[in-house]
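To start, the structure itself, in structure tokens.
What follows is calculated from the coordinates using simple rules that are stated; it is not laboratory data. Nothing here was measured: the structure is a model prediction, and the numbers come from that model. Reconstructed Cβ throughout: ideal geometry from the backbone, glycine too, with neighbour counts over all protein chains shown.
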2 protein chains.
Amino acid sequence: MEAINIALFGLGTVGAGVVNLLQENANELASRAGVRLNVTKALVRSAKKARGCDSSHIAFVDNADAILNDETIDVVVELIGGTTDAFDIIEGALKAGKPVVTANKALLAERGTELFALSCETKTPLLFEAAVAGGIPIIKTLQEGLVANRIEWIAGVINGTCNYILSTLARTDAEFDDVLAQAQAQGFAEADPRADIDGIDSAHKISLLAAIAFGTQVDFAHVDCEGIANLSRVDTDYAGDFGFCVKSLALARRCDNGELLVSVSPTLINKSHLLASVSDEMNAVMCQTNMLGPSFSMGRGAGSLPTASSVVADLVDIVRHRENAQRFALIHPVVTADAGFSEDALAKNASPYYVRLRAQDKPGVMASLTQVLAGAKISISSMVQYPLDTQTVDIVLLTHMTTGQAVSQALGSLSTKMSEIDELVHYRVADFLY
Amino acid sequence: MEAINIALFGLGTVGAGVVNLLQENANELASRAGVRLNVTKALVRSAKKARGCDSSHIAFVDNADAILNDETIDVVVELIGGTTDAFDIIEGALKAGKPVVTANKALLAERGTELFALSCETKTPLLFEAAVAGGIPIIKTLQEGLVANRIEWIAGVINGTCNYILSTLARTDAEFDDVLAQAQAQGFAEADPRADIDGIDSAHKISLLAAIAFGTQVDFAHVDCEGIANLSRVDTDYAGDFGFCVKSLALARRCDNGELLVSVSPTLINKSHLLASVSDEMNAVMCQTNMLGPSFSMGRGAGSLPTASSVVADLVDIVRHRENAQRFALIHPVVTADAGFSEDALAKNASPYYVRLRAQDKPGVMASLTQVLAGAKISISSMVQYPLDTQTVDIVLLTHMTTGQAVSQALGSLSTKMSEIDELVHYRVADFLY
């Protein structure tokens, strides 16, 4: 049986997953792909480090050219991460006519436009299923399964660290910082968790999904991004009382005014909605389409083997279409239109809002609040007052459609004027999901 | 721009959906496929009948050869249904080297082995995404997105009629026959609903999914199939009390003994499980895989445009890979192993069971029941007695792992012996989902 030789750049968690998967499911894969998939080389920093896989058949090299100039290597898998060396590697591989599979969402979100253009120019495939939502085949679903549809919006719970933290907050009485520490201890969060907690990782991923769904360039800079670091557990509790859970929701949506909103933000989701049932390290993506209607996919969004599942699916795609690589390469980045990205998307685009004020329990606060909201034409759908002690209350309200800008302006100026108001937060409610 | 000419066999609900979709999303599709997709001919019985689409650009013909011998036709879409004429049409198209898209699950489930062999032999694609779960791209997900995984089981809620009826039973106080009549009035059930109600439609679909997932021949005859016609609403009510909903569950599972269980049966599913949240006309498929773990997809399982979404996705696949049709054709039916189908799957394979006996409320019934169960080594996990009137009770119990055979034998012989027992039903509980 014909064999395809694969070189891995990087042999860490995901790389070891790829090697283990190819070994464990070798017979199925040979039958389904019609060839043997052999990892023959790997670029690693230290040849002596223990790997979580049998690497006895893999030649370790310490420089990229030893792979890129090797004519026996058919396909390259980039798993070193980062946006500099990884760029050079992918650029070099495409120029050498070697198809590339990568899981590097940061690189593609920040410099994907160049690389996709090079993939088209060299007619060499650049596949990236593993870059978004781990093992869920969401890239293929958007590019192929739902290809007949115009996408109206995509909403995703696509960061496992945030989702683990928010699920634990909803399930227990623990505070945010303790849950984060616990997530780090269990390997669900990085030692430096900022890329996850601040929403950057989700922003990378949603910018890729938006590019595919709306036929735009990948443009990470246009994602309006709010993390979960400032989220307080009182808000997840109150949201729960109102029938919602809080998720870090990545969203790409063509608005009524034609603008493209791409955002990541803590968002209230009705507990009865499917996205609310996505807990811990699971990921899910929901699309609203103009022909099929809603489409929902769920699966593991991270981890060695789930990510390897997507890397190897891309390898099989490349192998199955290797005699047609030129055309196959062109499936991917289809730019059909000016994006029309919305600036300040989260502030400007209408949504119902959850608003909480922490205030001194004095006469006049509620009167001033309702008067200010009425003046700003912000209409209240429900309001509850939670006494914290004899002097302080939390006033929690849900609004009808308004904008974050309107809420910030109206209540921000109120809290500046009234020393009785100590704290003001507001989060979007994902009404469009229903 | 290059154009691809498509001929439709049949221009009913789905055919009109295809024409409408191609018109509505024409620009997106031209950009994504790189060609115009034009329906130029359609085989119809009556050229005068009103169609739910603009057919002014379509030449109507009344015999298959007017399409099969037409060299301007690039692709054929078979939508006439049935297993005789449709077979001849697909056979003729493949022999003429014209790729085929079909939504005909009955044909593929009953005669697919021949047609897939012909597709391989003629190296001409035969695609059928629309045949299972309407607009959910589950065929592509299994064949491509999850290609790196060994599938452990697939469970699906894949018949909209059954699911509409069961969802309505769970939500209202109506009786089965009234809900069925209402479903027929609303177009969710056919005038002759037997293929749906008896599980045949789900059986067709799960036999296709099983063939793909387990690399076996399509073999509808080996699906052990139990419909929902005998399901009584007292059982859906009692199941609800125990925390379950009842779904018509299609299942394909490699059992511990190596046998392949393929079945359709009314099955109790924990209300907290995702599959329980699939209501009315929605479909969902869950797979357990050895690398990714669980994978879940949900979407509309029927209807004009959702089904057209899958038909057109197949058309785009064919177009994108038309220079590579030979290899592309071979992606599909991969027979890797003897199936090892389980005979009498539902009776022989272990599961927890829901059991209900309707009995006269006389001393000794419960003693005999528990004695018989103990004798048959059927262990009870919970039991509740529901008095219906002063003389009659329903005894409902959940068992630990046992077999349908054991339950039937033990309780069947008891009810034969004891005239006090009037009714005996048992349904599987989908414990493996958790």
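Tabulated data
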item: Shape call, segment A:14-58: gyration tensor on alpha carbons, a/c limit 1.5; result: prolate
item: Cβ charges +1 (Lys, Arg) and -1 (Asp, Glu), total dipole of segment B:350-433, debye; result: 260
item: Pairwise centroid distance, computed over Cα atoms, of segment B:126-150 with segment A:366-428, Å; result: 49
item: Viscosity 0.692 mPa s, temperature 37 °C, Stokes-Einstein D of the protein assembly as shown from Kirkwood C-alpha radius, µm²/s; result: 113
item: Expected 222 nm ellipticity per residue - DSSP helices of 4 or more, -39500 (n - 2.57), all of chain A, to 500; result: -10500 deg cm²/dmol
item: Alpha-carbon Rg/Rh ratio, for segment B:138-300, with Rh computed the Kirkwood way; result: 0.97
item: Distance between modelled label sites at B:His400 and A:Asn63, nm, 7 Å Cα→Cβ extension; result: 6.6
item: Separation between Cα centres of segment B:219-278 and segment A:223-263, rounded to whole Å; result: 36
item: Percent breakdown of C-alpha pair distances by 5 Å bin, ordered from the shortest bin, for segment B:21-144; result: 2, 10, 18, 21, 23, 17, 9, 2, 0
item: Chain A, relative contact order in percent, only Cα pairs under 8 angstrom and at least six apart counted; result: 16
item: Average beta-carbon neighbours from other chains, 10 Å sphere, peptide A:295-304; result: 6
item: Charge dipole (debye, nearest 20) of the protein assembly as shown; +1 at Cβ of Lys and Arg, -1 at Cβ of Asp and Glu; result: 480
item: Antiparallel %, DSSP beta bridges [both residues in chain A], to 5; result: 70
item: By average C-beta atoms within 10 angstrom, highest first, the peptides A:189-201, B:167-179, A:255-267, B:149-161; result: B:149-161, A:255-267, A:189-201, B:167-179
item: Exposure proxy order (Cβ contacts within 10 Å, fewest to most) of A:Asp431, B:Asp88; result: B:Asp88, A:Asp431
item: Percentage relative contact order, segment A:283-434, counting C-alpha pairs under 8 Å, at least six apart; result: 25
item: Inter-site label distance for B:Thr13 and A:Glu423 at 7 Å from Cα along Cβ, in nm; result: 5.4
item: Peptide A:270-282, shielding by other chains (average Cβ, 10 Å cutoff); result: 1
item: Largest to smallest principal axis extent of the C-alpha atoms in chain A, angstrom; result: 81, 45, 34
item: Quotient of Cα Rg and 2.2 N^0.38 Å for segment B:350-433, N being how many residues it contains; result: 1.03
item: Label-point separation in nm, A:Asn27 to B:Glu121, each point 7 Å along Cα→Cβ; result: 2.9
item: Charge dipole of the protein assembly as shown about the Cα centre (unit charges at C-beta), most positive-ward option of A:Val61, A:Met298, A:Cys245; result: A:Val61
item: Axis-proximal residue, chain B, for the rotation superposing B on A (Cβ, Å); result: B:Asn324, 2
item: Mean projected area (nm²) of the alpha-carbon convex hull when segment B:351-400 is viewed from all directions; result: 3.2
